[in-house]
Amino acid sequence: MANNIAFQAMGKTVKVAVSGAANTQSNVFTITADSPCNQYLVSNADTNSGIYFQISSTSSFNVTLPDVAPTYCIPLPPYAYKVISGPQVSSGANVYARVIGDAANASVYITPGEGL
């Protein structure tokens, strides 16, 4: 359940990175948590490139850019962060993430937790 408190990390931060050209999707990265939570602090440390990411409860999915058709990706501008709600993660249930960047070698940091 989402809490109306300052964000509290409840698991380890994962770096989701794209190796290669712009608009190439990353591999699937696994996110785990120490205790059940369903919010994620997502940080784009790149000062020049926006990213598009997706978090899923299944490891079999693709993230695509919304250029041609609507997609479930979430945009994050350069040097920005946001807290989002998503599928519940815990020590016994993983969630998965993928990212696409506007520039080569894009990356995003995702931390599971609770709060704003």
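Output the number of residues of the stretch 1-21 satisfying the condition of being in contact with a Gly (Cβ under 6 Å, 6 or more places away or on another chain) and among the hydrophobic types (A, V, I, L, M, F, W, C).
So in the stretch 1-21, the residues in contact with a Gly (Cβ under 6 Å, 6 or more places away or on another chain) come out as 3, 5-10, 18.
Adding the requirement that they be among the hydrophobic types (A, V, I, L, M, F, W, C) leaves 5-7, 9-10, 18.
Residues flagged as in contact with a Gly (Cβ under 6 Å, 6 or more places away or on another chain) and among the hydrophobic types (A, V, I, L, M, F, W, C) within the stretch 1-21 amount to 6.
Does the stretch 56-83 hold any residues that are part of a loop (DSSP other than H, G, I, E, B) and closer than 11 Å to Arg98 by Cα, and which are they?
The initial filter retains those residues of the stretch 56-83 that are part of a loop (DSSP other than H, G, I, E, B), namely 57-73, 77-79.
Those that are part of a loop (DSSP other than H, G, I, E, B) and closer than 11 Å to Arg98 by Cα: Ser59, Ser60, Phe61, Asn62, Val63, Thr64, Cys73.
Looking only at strands (runs of 3 or more DSSP E) that fall completely inside the stretch 4-53, which ones have 2 or more residues that are within 10 Å of Gly113 (Cα to Cα)? Give the derivation first.
Details: elements: 14-17, 29-31, 37-44.
Qualifying strands (runs of 3 or more DSSP E): 37-44.
Only one of (1) at pLDDT 95 or above; (2) in a strand (DSSP E or B); (3) in contact with a Ser or Thr (Cβ under 8 Å, 6 or more places away or on another chain) is not met by Gly113, so which one is it?
Of everything listed in (1) at pLDDT 95 or above; (2) in a strand (DSSP E or B); (3) in contact with a Ser or Thr (Cβ under 8 Å, 6 or more places away or on another chain), Gly113 misses just condition (3).
Just to be sure I understand, how many residues within the stretch 30-62 are more than 19 Å from Ser85 (Cβ to Cβ), in contact with a Lys or Arg (Cβ under 8 Å, 6 or more places away or on another chain) and buried (at least 19 other Cβ atoms within 10 Å of the Cβ)?
Qualifying residue count, the stretch 30-62: 0.
The values are calculated or read from the model by the stated rules, or taken from the named source; none is laboratory data. Here the structure is a predicted model, which means the values were calculated and not measured. All Cβ positions, even for glycine, are placed from backbone atoms using ideal geometry, and neighbour counts span all protein chains on display.
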